[in-house]
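Participant: Take this structure, written in C-alpha cells, and hold onto it; I'll ask about it next.
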Amino acid sequence: MRAAVTAATALTATGLLAVAPGATAAYADAAEPAGVSAAAPSGAVPEMYRSGTGPEVRVNQVGYLPDGPKNATVASDAGTGVPWQLRNAAGKTVASGLTTPRGMDAASAQSVHAIDFSAYTTPGKGYRLVVGGEASHPFAIGADVYDGLRQDALKFYYTQRSGIAIDDRLRPGYGRPAGHVSAGETGDRAVPCVNNGCDYTLNVAGGWYDAGDQGKYVVNGGISVYQLMNEFERSRTAPTGGAAKLGDGALAIPESHNGVPDILDEARWEQEFLLRMQVPAGKPLAGMAHHKVQDDSWTTLPTRPDQDTKKRVLYPPSTAATLNLAATAAQAARVFAPYDRAFAERNLAAAKAAWAAAKAHPSMYASGDSGSGGGGYGDTDVSDEFYWAAAELYLTTGEQQYADFLHASPQHTADIWSERGFGWDHVAALGRLDLATVPNNLPDRDAVRRSVVQGADRYLATLRANPYGTPYAPSDNRYDWGSNSMVLNNLVVIATAYDLTGDAKYRDGVLQGMDYVLGRNVLDRSYVTGYGTNYSHNQHSRWYAHSLDKRLPAPPKGALAGGANSGNEDDVAKAKLAGCAPQYCYVDDVMAFAGNELTINWNAPLAWVSAFISDQRDGGVREPAPAQVTNPVRR
Ligand code: 9MR
C-alpha cells in the first residue's frame, strides 16, 4: 500500500511526501491509499486524510527535555536512511544525520523511518526537523516544556465540577452557574434510586462530571481521584518527586490558599461525592456504594449542566462501586491525615464499612445498562477491585487482615501487565503500584516491586519496537476507546519502574512515549488542547461545545482527547473513518464521542505523566530524595 498524491503533493527523491506550503494535502485515487483497508469506501477522498495532513515529519510538537531522548517519525518508502536536519528558530542547521528505516508500521499501515536527535541538547524554541525539504511543526527544547501542561491537565477538573458555580475569574470564559443543584428531580440533592426497591433518596450533589456527559459514575470517579491522590503521593515518595509544584495555590481553584495542596482540594471535591454515594447506615445494603447517578435519557449537545432538564436517577449499588469507594476512601484517609484529621477518619470509617459490605455482597455486578442516558460501566469481574481495595486498606492501616487478603488473592502474583494496560475496569495494577511505592511492611514487597519492573520492561519493549515510540501496540492491531489513556497508563508503569530503580532507560521510555500524545503520530496531531501546533479542540462535550454554539467555550487548555479508536462507534466515525488503520481512526469533531471525548479518567494519567516528566527537569539529573510520606493513619 502506498499513498497516492494530488497536485499539491509530490513524491520526492527520498520517497517522502512533500506538501506544498499552505496546501491541504489530500490523498486521492490511484492505488489503495495508505491507512485504508480494502473495506474502505472507494471514490471520495477519505475524510481521515483531511484530519491528518500536516508535515510528514512527526515530532512532539510541545518539546523535548535537553538531556532526554529526542525522537521523530517520518513517512517514507525509501529503503535506506535519508538525510535530516535540525534547524533552529533562525533557520540555521544545528544538527543533521540520517533517518533509520523502520519498515511498515501496522498501526498506520505506512512505511516509516525514525529520527533520533538526542545528541542535540541546546535549549531553545522554534526548532524544526527537516527531511526532504519538508519541515516539521516547531517545537522547543527545555527543562520547562511540561511545566504548563502538568498544571493545565489538573486545572481541567475544576471546570468539570458539578454542584458548584464555576468562577469566571478563576477560569476566564468558563464561568457558569452550578449544575444539578435544584432540590427537584433535575438536581442531585435528593435523587431517588431506581430498580432495586430502595425507599430513600440520597443527596449526591458535587463531584466531577464524567466526561462530555453529565453522569457521575463511581467506578470511573474512583480511578480518576485515585490517580490525582497518587500523583500527590508520588511527589512525596519518589526520588524525583516535585512537591513544590503541587502546592497550595498551584491550580487557581476556590480552595487555593487554604493551607492544603490544591491537588488534594480538587481530589476532595470528588471524594466527598463518592462518600455520598454510600448507602447510609440503617438501610438495606448499608455500606455499599451506588453505581452511578445520571440523566434518565441523553441530553442533546449542547447542554450546559445548569440547563439540564432531564430527571436524575440513582442506580443500584454494585460491588465494583463499593470497592472503588473502599479503595479511594482508604487512600484519602492516608493522604488527608496531615491536613484534616476528621476528614481522614471519616474516609477510613467509610472505607471499612464499604469493605465489609463488599465482602458480604461480592457479586452484585453492574449490568452495564446505560439506561440510555449515561455510560454503562458494567464489570463482571471484581477480583481486581477487591485486590486494589485491600491494598489501599493495608497501606493505610497496616492491619494483618488486609495483608492476608492480598496474599490469598490470585491478583497478587498474576501477570496483570496486559498490553492494553490498566483502566477503570482493570484496577489490580493500582494496588500493585501502590504496594510498590507507598511505604509499607508487606513481607514480600520486594517481589511486588520486581513485578512492577517486569511490567515496565514489557511496555518498554513494546515502545522500543514501535516506530512511533508508543508503549501501546495491541497485537490484534485495534485501537481502543480511550487509546490515549492506555498509552499514558502504560507510561505510568514505566515511570514507576524509574521511581523504584533509578534506571535511566525507564525515564527515557516515559519521555519518548509521551511524544505520541503530543504529535508524533500518523495524524500529526497533539491530542491535548492548547499544546502543540495542530491540536484537538473540538472534543465531545455538552458545555465546551463551542463548535456548536459560539457562546460556549471550546475545551479548556490541557484537555486530552480519547484518541484513535478502531471501533468507530459513533456516527461521525462511521461516516468518515470506515476501514481506517488504527492510528487514523480519529477525527476532531464534537460529535465523534467514541474517539474524541474528554474524560476525568483520561486527564488523570495525562496530569500524572506530565508531572513525572516535568519533575525530570533537564532529563538527565537525579534529584536528591525528599522525605518519605509520614503520618499514615494507623488503627
Ligand atoms: O471509557 C469508556 C470505555 O472504556 C467504554 O468502552 C465506552 C463504551 O462503553 O465507554 C467509555 O466511557 C464513557 C462513558 O460510558 C460515558 N461517559 C463518557 C465516557 C468516555 O467516552
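Participant: Taking the residues in the range 484-512 that are closer than 22 Å to Asp415 by Cβ and within 16 Å of the ligand (Cβ to nearest atom) as candidates, determine which candidate is most open to solvent (accessible area, probe 1.4 Å).
Facilitator: Ranking the qualifying residues of the range 484-512, first place goes to Met486.
Participant: To continue, here is another question. Among the listed residues Pro467, Pro443, identify the single one that is of a type outside the set (Asp, Glu), loosely packed, with under 14 Cβ neighbours inside 10 Å and outside any helix (DSSP H, G or I).
Facilitator: Answer to the selection: Pro443.
Participant: Determine, yes or no, whether Gly431 is open to solvent by less than 60 Å² (accessible area, probe 1.4 Å), modelled with pLDDT of 95 or more, in a helix (DSSP H, G or I) and of a type in the set (Gly, Ala, Ser). Can you show your working first?
Facilitator: Values: open to solvent by less than 60 Å² (accessible area, probe 1.4 Å): yes; modelled with pLDDT of 95 or more: yes; in a helix (DSSP H, G or I): yes; of a type in the set (Gly, Ala, Ser): yes.
Judged against the criteria, Gly431 is a match.
Participant: Would you call Glu185 out of contact with any Leu (no Cβ under 7 Å at 6 or more places or on another chain), of a type in the set (Asp, Glu) and either part of a helix (DSSP H, G or I) or within 16 Å of the ligand (Cβ to nearest atom) (or both)?
Facilitator: Considered against the rule, which asks whether it is out of contact with any Leu (no Cβ under 7 Å at 6 or more places or on another chain), of a type in the set (Asp, Glu) and either part of a helix (DSSP H, G or I) or within 16 Å of the ligand (Cβ to nearest atom) (or both), Glu185 comes out as no.
Participant: Would you tally the residues in the range 543-563 being touching a Gly at 6+ places or on another chain (Cβ under 6 Å) and either farther than 24 Å from Arg520 by Cα or within 16 Å of the ligand (Cβ to nearest atom) (or both)?
Facilitator: Residues meeting the conditions: 2.
Participant: Ok, one more. Among residues belonging to the range 278-297 that are in a loop (DSSP other than H, G, I, E, B) and touching a Lys or Arg at 6+ places or on another chain (Cβ under 8 Å), point out the one that is least open to solvent (accessible area, probe 1.4 Å).
Facilitator: Among those that are in a loop (DSSP other than H, G, I, E, B) and touching a Lys or Arg at 6+ places or on another chain (Cβ under 8 Å), it is Ser297.
Residues checked against (1) in contact with a Cys (Cβ under 6 Å, 6 or more places away or on another chain); (2) outside any helix (DSSP H, G or I); (3) within 16 Å of the ligand (Cβ to nearest atom):
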{"position": "Met364", "(1), (2), (3)": "no, yes, no"}
{"position": "Gly374", "(1), (2), (3)": "no, yes, yes"}
{"position": "Phe386", "(1), (2), (3)": "no, no, no"}
{"position": "Leu393", "(1), (2), (3)": "no, no, no"}
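Participant: Under 6 Å between Cβ atoms, at least 6 apart or on separate chains: pull out the pairs that start in the range 179-201 with a residue that is among the acidic types (Asp, Glu) and end on any residue that is assigned to a loop (DSSP other than H, G, I, E, B) and modelled with pLDDT of 95 or more.
Facilitator: From the range 179-201, the pairs are Glu185/Lys311; Asp188/His180; Asp188/Val204; Asp188/Ala205.
Participant: When you go through Ala408, Ala357 one by one, which is the residue that is aliphatic (A, V, I, L, M), open to solvent by 30 Å² or more (accessible area, probe 1.4 Å) and farther than 28 Å from Glu569 by Cβ?
Facilitator: Just a single option satisfies the conditions, and that option is Ala408.
Participant: OK, next. Can you find a residue in the range 251-263 that is within 16 Å of the ligand (Cβ to nearest atom) and either assigned to a loop (DSSP other than H, G, I, E, B) or touching a helix residue (DSSP H, G or I) at 6+ places or on another chain (Cβ under 6 Å) (or both)?
Facilitator: no
Participant: So, one more: Applying the selection to the range 547-565, what residues are open to solvent by less than 20 Å² (accessible area, probe 1.4 Å) and part of a loop (DSSP other than H, G, I, E, B)? Walk me through it before giving the result.
Facilitator: Narrowing the range 547-565 to residues open to solvent by less than 20 Å² (accessible area, probe 1.4 Å): 555-556, 558-565.
If the condition is that a residue be open to solvent by less than 20 Å² (accessible area, probe 1.4 Å) and part of a loop (DSSP other than H, G, I, E, B), then Pro555, Pro556, Gly558, Ala559, Ala561, Gly562, Gly563, Ala564, Asn565 are the ones that fit.
Participant: Checking Arg450 against (1) out of contact with any His (no Cβ under 8 Å at 6 or more places or on another chain); (2) touching a residue at least 24 places away in the same chain (Cβ under 8 Å), which test does it fail?
Facilitator: Answer for Arg450: the failing condition is (2).
Participant: Out of the range 61-105, which residues are part of a loop (DSSP other than H, G, I, E, B), modelled with pLDDT of 95 or more and hydrophobic (A, V, I, L, M, F, W, C)?
Facilitator: Val62, Leu65, Val82, Ala89, Ala90
Participant: Among the candidates Gly206, Gly163, Gly221, single out the residue that is small (Gly, Ala, Ser), open to solvent by less than 10 Å² (accessible area, probe 1.4 Å) and assigned to a loop (DSSP other than H, G, I, E, B).
Facilitator: Every option except Gly206 fails the conditions.
Participant: Which count do you get for residues in the range 331-342 that are out of contact with any Lys or Arg (no Cβ under 8 Å at 6 or more places or on another chain) and either touching a residue at least 12 places away in the same chain (Cβ under 8 Å) or open to solvent by less than 20 Å² (accessible area, probe 1.4 Å) (or both)?
Facilitator: 8
Participant: Here is a further query. Go through the range 242-260 and report how many residues are modelled with pLDDT of 95 or more and open to solvent by 10 Å² or more (accessible area, probe 1.4 Å). Steps first, answer last, please.
Facilitator: Initially, the range 242-260 is screened for residues modelled with pLDDT of 95 or more, giving 248-260.
After this cut, where a residue has to be open to solvent by 10 Å² or more (accessible area, probe 1.4 Å) as well, the list is 248-250, 252, 254-260.
Qualifying residue count for the region: 11.
Participant: Moving on. Whether any residue in the range 265-277 is touching a Pro at 6+ places or on another chain (Cβ under 9 Å) and within 22 Å of Ala366 (Cα to Cα) is what I want to check.
Facilitator: Yes: one or more hits.
Participant: Here is a further query. Could you check the range 513-528 and list, in sequence order, the residues that are assigned to a loop (DSSP other than H, G, I, E, B) and open to solvent by less than 10 Å² (accessible area, probe 1.4 Å)?
Facilitator: Gly519, Arg520, Asn521, Val522, Leu523, Asp524, Tyr527 - these are the residues of the range 513-528 that are assigned to a loop (DSSP other than H, G, I, E, B) and open to solvent by less than 10 Å² (accessible area, probe 1.4 Å).
Participant: Would you mind telling me which numbered condition in (1) free of Cβ contacts under 8 Å to residues at least 60 places away in the same chain; (2) in a loop (DSSP other than H, G, I, E, B) Arg542 fails?
Facilitator: (1)
Participant: Something else about it: Can you find a residue in the range 471-483 that is out of contact with any Asp or Glu (no Cβ under 9 Å at 6 or more places or on another chain), in a helix (DSSP H, G or I) and within 16 Å of the ligand (Cβ to nearest atom)?
Facilitator: Yes: one or more hits.
Participant: Restricting to the range 96-148, name every residue that is farther than 23 Å from Val82 by Cα and open to solvent by less than 10 Å² (accessible area, probe 1.4 Å).
Facilitator: Ile141, Gly142, Tyr146
Participant: What are the pairs with Cβ atoms under 8 angstrom where one residue, in the range 217-233, is under 16 Å from Leu433 (Cα atoms) and the other, located anywhere, is open to solvent by 10 Å² or more (accessible area, probe 1.4 Å) and of a type in the set (Gly, Ala, Ser)? Sequence gap at least six, or different chains.
Facilitator: Filtered contacts from the range 217-233: Ile223/Gly423.
The values are calculated or read from the model by the stated rules, or taken from the named source; none is laboratory data. Being a predicted model, the structure only gives us computed values, none of them experimental. For neighbour counting, all protein chains shown are included, and Cβ atoms are generated from backbone atoms with ideal geometry for every residue, glycine included. Protein only, heavy atoms only, side chains kept; ligands, DNA and RNA dropped before computing areas. Shrake-Rupley method; radii C 1.70, N 1.55, O 1.52, S 1.80 Å.
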